[in-house]
Amino acid sequence: MVIRSQSSAAGVLALLQEPDTVFKQHALKGLIPLVPQFWAEISEHIALIESLYESDDLPKTARHNAALLASKVYYFLGEYDEALSFALGAGSAFQAEARAHGAGEYVETVISNAIDRYVTLRTEEPSGSSTKIDARLQAIIESIFDRCIEEGEYRQAIGIALESHRLDVVNRIYDLTHDVSLLSYTMEAVLDTGFSLSYRDQVLNFLLPLFPPPTSLSKSPHIHALARLLVTLNRPSLVVPLLTSLIPKERLLAYQFAFDLVEGGAREFLQGVKADLPEGKDETQDIYDKLRKILDGQESVKLYLEFLKRNNKVDMLILKNTKEVLEARTSIYHTAVTLQNAFMHAGTTSDVFLRENLEWLGLASNWAKFSTTAALGVIHKGHFEEGMTILGPYLPQAGGESQIQGAAYSEGGALYALGLINAGCGSGQPVENYLRDTMKTAQGEVVQHGAALGLGISAMGGRSSDAYDDLKETLFTDSAVAGEAAGYAMGLVMLGSADQTSAEEMLTYARETQHEKIIRGLAMGLAFIFYGRQEEADSTITSLLTEKDPILRYGGVYTLALAYAGTSNNDAVRQLLHIAVSDTSDDVRRAAVTSLAFLLFKNPGQVPRIVQLLSESYNPHVRCGATLALGIACAGTGLQDAVEILEPMTKDGVDFVRQGAFIALGMILVQQSEASSPSMSSTRALYTKVVSDKHEDPMARFGAAIGQGLIDAGGRNVTISLQSRAGSKNTNAIVGMTMFCQFWYWYPLAHCACLAFEPTAIIGLNEDLKVPKFEFVSNARPSLFAYPPPATPPKRETFAKAATAVLSTTAKVKAREKKKAAADADAMDTDEKPEQKKDGDVEMKGEEGFAGKPTDGSPSTNAPEDVKPKRKSEPSSENVANFSRVTPTQLAYISFPPEGRYQPVRPVSLNTVPHKTSGKGNPNPGLRKAPSGVASERYAGGGGILLMVDERPDTEAEFISFEPPVVEPAPTENGHAQPQALVHRARPSRDFHIALDESSPDVDPPESFEYPFDS
């Protein structure tokens, strides 16, 4: 018998009108499965169904069925709140429905709405009490928690618990599992998901006592999370008890903890920890002294400086070629080469390029001279001990400013460079006092400009009221040039303070002044003041974004981005996207798109998807913003999705869009190899082509030169990372990239990009903080993380000679001769003559093609045989020496042999991959297997400084000696000899550094440096 499908629910609905309750119960039960098909028809009787739910005449089961029926009808009507309300009243009927087949979508939607309503109610109650919450709703949520725990879905339960402020559930799960990784997941979730600051601190204070005390025996993997938690809470009183508990038994772990705190901690926080540490008794005094030395921050700076000096792999040929093709008399090209050189040699202290090109150096004039002198600060960044000596010839002398024409620019640039050298070094008051005094006594606005920028960068985050007041006095002179720098610096000094008095003063002056440069400096200064303050900045953001002046709205965009930096806050992203397509000012729209990078840098994989449509906008400023957003957010990742968006933009019809695309590609591909990124070689070739093309727009050539500098930054030993190695926000890097984005208006601010350069090394130390010699294993093909091969000089002559014209008659004669010779050879039946003829042909072609290659371009027969065996025989791993480069992606492949003498006290990285690499050698598949809780860590900096346990302390160890430095820069690749007059008199001729040996105080920087600026 064929079952006929039902065409209407009218018959069943009619039973609801029957007076007998048995018919009504039957109708309610029968209508529930019919709702998906006939919900529109049933909805006309919804009032009757609701009345049956409220009727006391029906038994409880029937009323539950009526509630479920009403809930499903409202679900299909799209009234989800009503659907939830009736589902709560359905009781056992809803539970039965949840188990029924085919009801998944309805049940999931209702439960999802139940969670949302519960979260909303819990969030609105400051006390966190559950008096206002429906007991039925509470029961559903509790059942969800129970089911998650039973099924082992702990992270899902923790997510709901965090949203609903139910920390007791987190405690319950940890008591059940004792899984420290769940605590780390909870901490990262609350830090990276945009919770309010007050609730964030509440959760972190709740988690801190749950973490077990770290031990070196267990190689506590949670030390990363613990360091990040304490840095975020920013309370020295919580750190000191932890450090003292590790002394003296776990002193290596205490040293490691101190180094990790230095990686992400604010200067004020570190000084507080240092001050609160006890003096220690006889046996512990030395340990506490070392801890104070580490917390000062200068020990880390010295180690990274030494690493960059020793491992400098700058390819001077690239720099030389760019200098030759860009006309130095054009200011923009001179600045481009200056910045390229500064970025490529950042932190290496190698000034060999400047020494070899003194004539080029002398062509700098005015602000190009300012930038060129400031570049010394980038090159010597971190060399704080010799900063004043290095810059001595350029700094204003005790008698006041120099009266020589143009000297003010080199003096101002030197003051700016002094700030860059001391950025993040904790070198303290002497430098700040010098810059303050110079700024107060200087009469010229150029020197004041340099002093203000230097003071802002060196005193960043110090919140010094004296420095702020001095900068305010400079601002009130109403000089456009000096006032702009003062505006930036006031924000940098008060970084992250959310000081309302300062903000009001700056905003009031910005509204009164007529100078656009000052308004822009103050607008960006306001953004720095509210860095990381989230909801505390909301009122200021709203005020700035409603201003009529587009420059203040521009500042409002950056205030929003920096206040919520790294949080991926949905509301902030939505607001920026709205501004990007609606604001009347192109500058504001460009800034809004660029600012997305500061919100989303912890989730770089999302950024290409978000900016894809913006990159195709009709507005070139929006397209330009999209390029920088991709570059900053995906910096150092080699993310192919981002590269695929940027590559077509290098052919854009607007010059500044191409410029942005070249710069962004340099950021993304920094420290990538040709094996790991298929776009690497083509991008380098594109840079060379664009820089060399005289018909290309100057702005695009400028961008390509900067891209060349960024892709090889820091001697190819640094990455660009807005995250610290512990996973927290890298404040210096975020500030540096924000300042770098202002190069659109003022080229000297581009130098600040060096603040985002993170050395990528593994530096192992023993308990005496010395660097022993040892090796560890990289379980990946060497080519995957190798340095790029050296550039080859262009062979222009080769192609010119190969293009020799040959007459057709000559070719026919030669062909006849060949044929005749071959016939003679066959007749004589000898092997030698054909070989001789063949050799003769090769020699003849060698004369036409100077490079020894056939003129038709066919490769030599030996070449493929030489190359193929190398590919096949490449090992699957390699040994790497201590104090070597290890890129962020490579960290997951690093292991320490168990039989080795030195073992780290904590894991190198939380991301691990199998020791056997995949056939293609691509590291990404293995890294994607990392737990989602630490997914963003793979984009942080290198392995950093590791304390090593010596398994054989009785055996004498070998150490890496730091004095004298054995670094030998690679200036010889460009074929230039060092001018004899510039060789340091007290140092070997192969050492090209300005840095002076402490044993030779009588040596001065060469006077020849000063000469071109004064001519």
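Below are the figures for this structure:
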quantity	calculated
Built amide H within the under 5 Å cut-off of A346, gap 5+	G714, G715
For segment 123-197 and segment 345-385, distance of Cα centres in Å	55
Cβ-defined net charge surrounding A467, 14 Å radius [Lys, Arg +1; Asp, Glu -1]	-3
Kirkwood-based shape ratio for segment 346-475, expressed as Rg/Rh from alpha carbons	0.96
Long-range amide H partners of F601 with built H, under 5 Å	G566
Built amide H within the under 5 Å cut-off of Q723, gap 5+	N730
Relative packing of 622-635, 560-573, which averages over residues the other C-beta atoms within 10 Å, highest first	622-635, 560-573
Counted charge near A375, where neighbours are those whose Cβ lies closer than 14 Å (Asp, Glu -1; Lys, Arg +1)	+3
For segment 267-279, 3J(HN,Hα) per residue [Karplus equation, 6.51 cos²θ - 1.76 cosθ + 1.60, θ = phi - 60°, Hz, x = Gly/Pro]	4, 4, 5, 5, 5, x, 5, 4, 5, 7, 5, x, 5
From phi via Karplus (6.51, -1.76, 1.60), per-residue ³J(HN,Hα) for segment 448-464 in Hz, x at Gly/Pro	4, 4, x, 5, 5, 4, x, 5, x, 6, 6, 9, 4, x, x, 6, 6
FRET efficiency, 1/(1 + (r/R0)^6) with R0 60 Å, evaluated for E817 and S196 via beta carbons	0.10
Span from the segment 702-744 Cα centroid across to the segment 266-304 one, whole angstrom	28
Packing rank of 339-345, 677-683, 352-358, 148-154, where each peptide gets the mean count of other beta carbons within 10 Å, highest leading	339-345, 352-358, 677-683, 148-154
For segment 26-96 versus segment 642-657, the gap between their alpha-carbon centres in whole angstrom	57
Estimated vicinal HN-Hα couplings, Hz - segment 696-709 in sequence order (Karplus 6.51, -1.76, 1.60; Gly, Pro = x)	6, 5, x, 5, 5, 5, 4, x, 5, 5, 5, x, 4, x
Sorted peptide list for 755-767, 592-604, criterion being average Cβ within 10 angstrom, highest first	592-604, 755-767
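Bear in mind these aren't lab numbers, they're just calculated from the coordinates by the rules spelled out. Being a predicted model, the structure only gives us computed values, none of them experimental. Quick reminder, even Gly has a Cβ in these numbers, built from the backbone with ideal geometry, and neighbours come from all protein chains shown.
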